Structure formats: C-alpha cells, structure tokens
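The values are calculated or read from the model by the stated rules, or taken from the named source; none is laboratory data. Treat the numbers as computed from the prediction; the structure is a model and nothing was measured. Here Cβ is always computed from backbone atoms with ideal geometry, including for glycine, and neighbour counts include all displayed protein chains.
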Amino acid sequence: RKEVEQDPGPFNVPEGATVAFNCTYSNSASQSFFWYRQDCRKEPKLLMSVYSSGNEDGRFTAQLNRASQYISLLIRDSKLSDSATYLCVVLLSSNTGKLIFGQGTTLQVKP
Amino acid sequence: DAGVIQSPRHEVTEMGQEVTLRCKPISGHDYLFWYRQTMMRGLELLIYFNNNVPIDDSGMPEDRFSAKMPNASFSTLKIQPSEPRDSAVYFCASSLGLVGEDTQYFGPGTRLTVL
C-alpha cells in the first residue's frame with residue numbers, strides 16, 4: 001500500500017464549479033500535512049498547509065481527519081488558472097525533513 | 001530573490017556516461033533536498049543536507065548515485081554510470097528550517113534522459 005494515496009483523475013470541470021480532492025495516508029504517526037500545486041513541466045509549489053481544525057485560503061479549503069487518516073482539498077468557483085496537478089504531502093516526523101508526496105490529482109478547468 | 005537554481009535544465013546522455021546535476025539553494029537556507037520525479041513513482045526524496053552535512057540518504061537508489069554539498073551555496077548529484085531507468089526530472093529544494101516550520105522551495109528541475 002502506498003504511503004500517500006490520491007485519485008489521479010483527471011478531473012474535468014467547467015469554470016465556476018466546485019471540486020474536491022481526497023487523499024489518504026497510511027502512517028498514523030504522520031505529523032504535518034500539505035497540499036502542493038504543480039503546473040505542467042514546472043516545479044511543485046506549496047499551496048497550503050492543512051491543520052486539524054481545517055483552514056481556508058480564499059477559494060481553497062483544506063480539511064484533515066486524523067481518525068480516518070484522510071485529507072481533503074476543496075476548490076470553489078474554479079478558474080481556468082486552477083488547472084494543475086495537486087499533490088497531497090505528508091511529513092512523517094518533525095525531526096526529519098522527509099516529505100512523502102502522493103502521485104497527484106490532475107485538474108482541468110474548461111471554459 | 002533568485003530562488004533555487006538548477007543546471008542544466010535538460011540533459012540527454014547515453015547509457016554508461018557520468019551525469020552531474022547542480023543546485024544552488026536560496027541564500028541563507030540551511031536545508032537542501034534532492035528529489036526525483038517519474039510517472040511511475042511520483043516525487044521521491046533521494047537525500048537531504050543540513051548545514052552541508054548529509055542527514056538522510058536512505059532514498060538514494062543505489063551506489064551509482066552520490067551527492068555532495070561542499071559549501072552552503074552549492075550541491076551536486078552525480079550518477080555514474082547512468083542507465084535508461086534513471087531518466088526522470090530531478091528537483092533540488094531548499095528551506096530555512098525543517099518542514100513543519102518552514103516551506104521547502106523547489107528549483108525548476110533538471111530533465112534527464114538516458115538513452
């Protein structure tokens with residue numbers, strides 16, 4: 001079983017739609033969680049951290065469920081510029097810098 | 001701010017040749033990471049350094065891979081001899097502190113093709 005699992009998609013949605021991505025992780029001791037965004041043939045960039053209480057940044061909302069070992073990202077009112085691959089990322093321990101990346105979920109927003 | 005700089009951006013080589021990838025981290029960042037990304041395996045951490053010292057190299061696939069950080073502003077990842085299965089995008093990233101405290105910033109990557 002992979003340490004971080006995501007539905008690869010692609011998710012094809014019209015502009016203005018709401019879309020949700022899910023991610024599960026296998027190690028219950030995982031300490032920190034993130035969503036990264038990667039545009040085609042570019043480097044990954046941090047989109048947002050994910051906190052236990054849930055957090056929001058504009059049109060983006062991230063949720064964490066430690067009991068179910070489940071992370072989600074919700075994008076509201078999607079824009080053409082949201083088209084990218086979204087990577088679910090887990091930090092196993094704060095004593096190391098070892099990030100575990102999911103395979104990514106591809107989003108394509110259509111006009 | 002220049003960000004993380006990697007060179008070359010593209011490398012095409014033949015099996016058996018030595019390949020050297022280079023990275024200049026963001027000035028002042030104490031941590032440097034080397035990652036590899038393939039379609040099959042996604043993004044994987046190969047090795048990371050703290051203050052120029054290798055801390056965790058458990059992700060280095062085999063002895064053909066080696067990484068050095070001779071000073072705070074330069075690191076290399078070497079593959080010798082290279083094989084077709086090494087074809088991937090290699091990213092270097094740096095951070096001020098450990099993840100959880102500080103963000104990792106990725107360079108643009110080196111796209112390696114081994115024929």
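A:VAL109 meets the conditions (1) under 23 Å from A:ASN27 (Cβ atoms); (2) outside any loop (DSSP other than H, G, I, E, B); (3) not aromatic (Phe, Trp, Tyr) in every case but one. The failed one is (1). Total residues in the range A:71-96 satisfying the condition of being surrounded by fewer than 14 Cβ atoms within 10 Å (Cβ to Cβ), without any contact (Cβ under 8 Å) to a residue 60 or more places away in the chain and away from chain B (no Cβ under 14 Å): the figure is 1.
Given the condition hydrophobic (A, V, I, L, M, F, W, C), in contact (Cβ under 8 Å) with a residue 24 or more places away in the chain and in contact with a helix residue (DSSP H, G or I) (Cβ under 9 Å, 6 or more places away or on another chain), answer yes or no: does some residue in the range B:12-30 qualify? Yes, the conditions are met somewhere in the range B:12-30. Being of a type outside the set (Val, Ile, Thr) and farther than 22 Å from B:SER94 by Cβ is the filter; apply it to the range A:30-55 and report the residue that is surrounded by the most Cβ atoms within 10 Å (Cβ to Cβ). Per the criteria, the residue is A:SER30. Evaluated against (1) within 18 Å of B:TYR105 (Cα to Cα); (2) in contact with a Phe, Trp or Tyr (Cβ under 6 Å, 6 or more places away or on another chain), B:ILE79 falls short on exactly one condition, (1). With the condition kept exactly as written, say whether any residue in the range B:43-50 is farther than 26 Å from A:GLN6 by Cβ and in contact with a Leu (Cβ under 9 Å, 6 or more places away or on another chain). Yes - at least one qualifying residue is present in the range B:43-50.
In the range B:1-27, of all residues being hydrophobic (A, V, I, L, M, F, W, C) and assigned to a loop (DSSP other than H, G, I, E, B), the one that is surrounded by the most Cβ atoms within 10 Å (Cβ to Cβ) corresponds to B:VAL4. One residue alone among B:GLY16, B:GLY109 is farther than 17 Å from A:ILE100 by Cα, away from chain A (no Cβ under 12 Å) and at pLDDT 95 or above, and that residue is B:GLY16. All of B:ALA88, B:ALA72 fail the test of being of a type in the set (A, V, I, L, M), surrounded by 15 or more Cβ atoms within 10 Å (Cβ to Cβ) and under 24 Å from A:LYS2 (Cα atoms), apart from B:ALA88. Quick one: would you say B:PRO108 is outside any strand (DSSP E or B) and within 20 Å of A:PRO44 (Cα to Cα)? When the stated conditions are applied, B:PRO108 passes them.
Checked against (1) more than 14 Å from chain A (Cβ to nearest Cβ); (2) in contact with a Pro (Cβ under 7 Å, 6 or more places away or on another chain), B:SER94 passes all but condition (1). One residue stands out in the range B:28-44 among those that are part of a strand (DSSP E or B) and facing chain A (nearest Cβ under 10 Å): the one that is nearest to B:PHE65 (Cα to Cα), namely B:TYR35. The strands (runs of 3 or more DSSP E) located wholly in the range A:1-47 that include 2 or more residues which are over 18 Å from B:THR103 (Cα atoms) occupy A:4-6, A:11-14, A:19-25. Against the definition (in contact (Cβ under 8 Å) with a residue 60 or more places away in the chain, more than 14 Å from chain B (Cβ to nearest Cβ) and under 17 Å from A:GLN6 (Cα atoms)), how does A:GLN63 come out, yes or no? Against the criterion (in contact (Cβ under 8 Å) with a residue 60 or more places away in the chain, more than 14 Å from chain B (Cβ to nearest Cβ) and under 17 Å from A:GLN6 (Cα atoms)), A:GLN63 does not qualify.
When the range B:45-61 is filtered for residues that are of a type in the set (Ser, Thr, Tyr), surrounded by fewer than 16 Cβ atoms within 10 Å (Cβ to Cβ) and assigned to a strand (DSSP E or B), nothing remains.
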